[in-house]
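Since the structure comes first, as structure tokens, the remarks are kept for the end.
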Amino acid sequence: MATPSAATRKKLQRKFRLRGWTPSRRPPPSWPASPTPRTTPSTSSSTSSTRSRSSILDRDAVRRVVALLVEAEEAVDAASPAATSARSALRVVDSFVVPRFHYDPIKKVFYELLIHGEAGDKAALYRDRYQRLARDKYFSKPAFDTVMTEDDNCEITSIQSLIGCTGRRWIMGVISQLEERQFYLEDLTGANSITSFLSTEHKITSGFFVENTVILAEGELLSNGIFQVNTCGFPPLEDREASLSMLMGLDFFGGGVIAAEETVRLSTLEKKAMNDMFVILSDVWLDSSELFSRDVQMCYLVAKTMEKLGVVLDGYDSVEAVPSLFVLMGNFCSRPCNLAFNSFEELRLQFGKLGEMIAARSRLKEHSRFLFIPGPEDAGPSKALPRCTLPKYLTEELQKHIPNAIFVSNPCRVKFYTQEIVFFQQDLLYRMRRSCLIPPTTEETSDPFEHLVATITHQSHLCPLPLTVQPIIWNYDHCLRLYPTPHTIVLGDKSEQKAFKYAGITCFNPGSFANDSSFAAYRPCTKEVELSALES
């Protein structure tokens, strides 16, 4: 390599001095003939071992650093689009490692919090949900006196400020039952009775209105101090791109922050991944049918589940391009694994048989990955969300046959190139309908699944049920939030399988595999959902 010019030497010396280094006066080394290397995270961690205790850089130290950079460059070249596989593009995020952020309403920014449980976390659980939903620009008062119609802006009035106000007002808050069968709308300043909301005729939007959901209500304060609701609905759904522009590079999903140029490269690879497919099965019962000799119907369903699973695996093992990911969601037992359950050893052996079944399909074992998500009735420390992974005692036998099997929490998150996918196994539709305070409107849709999707997306939360119905670990509530909105939401539910696209979000329920042999195949490249079922 030619000797650098005087300007180049001055530039290098200035860069070195800014970092506290002084280059040696010895003759410059002969640089390797290679393209300019790109710094990677693995390189930066490796170069720490080359640092000298002295601030003077000599030729040997520079040679070692350059050699590491060249090695990293070769590793990046090896990960070219032709060599990159779905296995390396897939990142699975456990709920318990998702970073937690708090929104500052004064500075209007997010900042990261340490995850540790305190008494105040219960109050923060609702406060954080409310503040996030109240951040919409639609609710902001204009900074200058401009002519705006009521459709352009609806300024939120705090409940405390309603006293003495007349005329039409907009309020926003959480539905709370502060007294027996007495419902209130509560915000950060106070609470007001909305009992009339449950009994009078008024216009509402799609979704399930349950206790603890955040709603936006329009009406006026009556002389008796009760807010008369005329129109009621959920807060508007914030566009994903608008959310990302406010995050300033913070990682809410948990898959790690990706540089802009890396995002472009991954987006290009994602469009080329035409053959990648995810197969999702929910309610995969693995327990032995001998335990249910008294219940003939249950015995039949349990015995058939493993047989049907073998048919599904055979079918996909024979196709030209095998699925890149199989997602098996609980419950993995037909009975609740509680204190009365005494067949953990039998269930452990059944997981081992499942491992043998997968290992017998060599193409699936070699080219596919298997993700296991526990259900609400599976073995675990508590029923609170998020649920931790299946106990190692149950999964050891399976991992002997499938070493790369992945066991994660419920819910869990998967990042495929740039696409964000959320998996959640819960009998959510039934519980939301049971907890609904008023019948959902049929003006826009009468499909319960569409009402469910509208509820969780507008609430930006997977499970906006009261804590008395579904306990949530207070300081891990952020793991269930859907902010920014993901590209795809998979809801493992016992109800009929459904697929629905709402505001650009693909939502689907693969159905209950144990009950009606239904499952789903998802192609992330095109975001298409194929609802399937075996013939009975």
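Let me cross-check LYS107: its accessible surface, 1.4 Å probe, with only protein heavy atoms counted, in Å² to the nearest 10?
150
First measure r as the distance between the Cβ atoms of LEU339 and ASN515, then evaluate 1/(1 + (r/R0)^6) with R0 = 25 Å and state the FRET efficiency to the nearest 0.05. Walk me through the numbers before you get to the answer.
Details: r = 26 Å, r/R0 = 1.03.
Using R0 = 25 Å, I get an efficiency of 0.45.
Could you give the length gained by full extension between GLN160 and HIS202, i.e. 0.36 nm per residue of separation minus their alpha carbon distance, to one decimal place? Mind dumping the intermediate values first?
Details: separation 42, 0.36 × 42 = 15.12 nm, distance 2.36 nm.
Length difference between fully extended and current span is 12.8 nm.
With all protein chains present, how much of the accessible area of the range 370-446 (probe radius 1.4 Å) comes from carbon and sulfur, to the nearest whole percent?
Carbon plus sulfur share of accessible area: 49 percent.
Of the cross-linked pairs LYS353/LYS400; LYS498/LYS527; LYS392/LYS527, which ones have a Cα-Cα span greater than 22 Å in the structure shown?
LYS392/LYS527
If you take every residue apart from PRO486 with its C-beta less than 10 Å away from the C-beta of PRO486, what net charge results, scoring Lys and Arg +1 and Asp and Glu -1?
The answer is +2.
With a cap of 16 neighbouring Cβ atoms within 10 Å, and only residues DSSP puts in a loop, list the GluC sites (Glu not before Pro) found in the range 312-391.
Details: sites: GLU320, GLU345, GLU346, GLU356, GLU366, GLU377; in loops: GLU320, GLU377.
Counting only loop positions with at most 16 other Cβ atoms within 10 Å, the GluC sites (Glu not before Pro) in the range 312-391 are GLU320.
How many angstrom lie between the C-alpha centres of the range 222-259 and the range 338-380?
Taking the Cα centre of the range 338-380 as reference, the centre of the range 222-259 is 38 Å away.
For the range 160-251, give me the percentage of DSSP beta bridges that are antiparallel, rounded to the nearest 5 percent.
So the antiparallel bridges amount to about 90 percent of the total.
What percent does the relative contact order of the range 418-535 come to when contacts are Cα pairs within less than 8 Å and at least six residues apart? Before the final figure, lay out the partial values.
Working: 164 pairs, mean separation 28.7, N = 118.
Relative contact order for the range 418-535 comes out at 24 percent.
Protein chains only, probe 1.4 Å: how do VAL92, VAL422 rank by accessible area, largest first? Mind showing how you got there, number by number?
Details: VAL92 45, VAL422 5 Å².
Result of the area sort, largest leading: VAL92, VAL422.
Between LYS501 and LYS271, what length in nm is gained on full extension when 0.36 nm per residue of separation is reduced by their alpha carbon distance? It would help to have the intermediate numbers written out before the result.
Values: separation 230, 0.36 × 230 = 82.80 nm, distance 1.99 nm.
80.8 nm is the gain from fully extending LYS501 to LYS271.
Share of the range 449-536's accessible area from carbon and sulfur, percent, 1.4 Å?
Carbon plus sulfur share of accessible area: 49 percent.
Return the sequence-ordered ³J(HN,Hα) values of the range 319-328 in whole Hz as given by the Karplus equation 6.51 cos²θ - 1.76 cosθ + 1.60 applied to θ = phi - 60°, using x for Gly and Pro.
Residue by residue, the range 319-328 yields 6, 5, 10, 6, x, 7, 8, 10, 10, 10 Hz.
Among the lysines, which have Cα under 25 Å from the Cα of LYS108 when same-chain residues fewer than 8 positions away are ignored?
By straight Cα distance, LYS108 reaches LYS122, LYS137, LYS141.
The values are calculated or read from the model by the stated rules, or taken from the named source; none is laboratory data. Quick caveat, the model's predicted, so the values are computed rather than measured. As a convention, Cβ positions derive from the backbone with ideal geometry for all residues, glycine included, and neighbour counts pool all protein chains shown. To get the accessible areas, we keep the full protein, side chains included, count just its heavy atoms, and leave off ligands, DNA and RNA. Shrake-Rupley method; radii C 1.70, N 1.55, O 1.52, S 1.80 Å.
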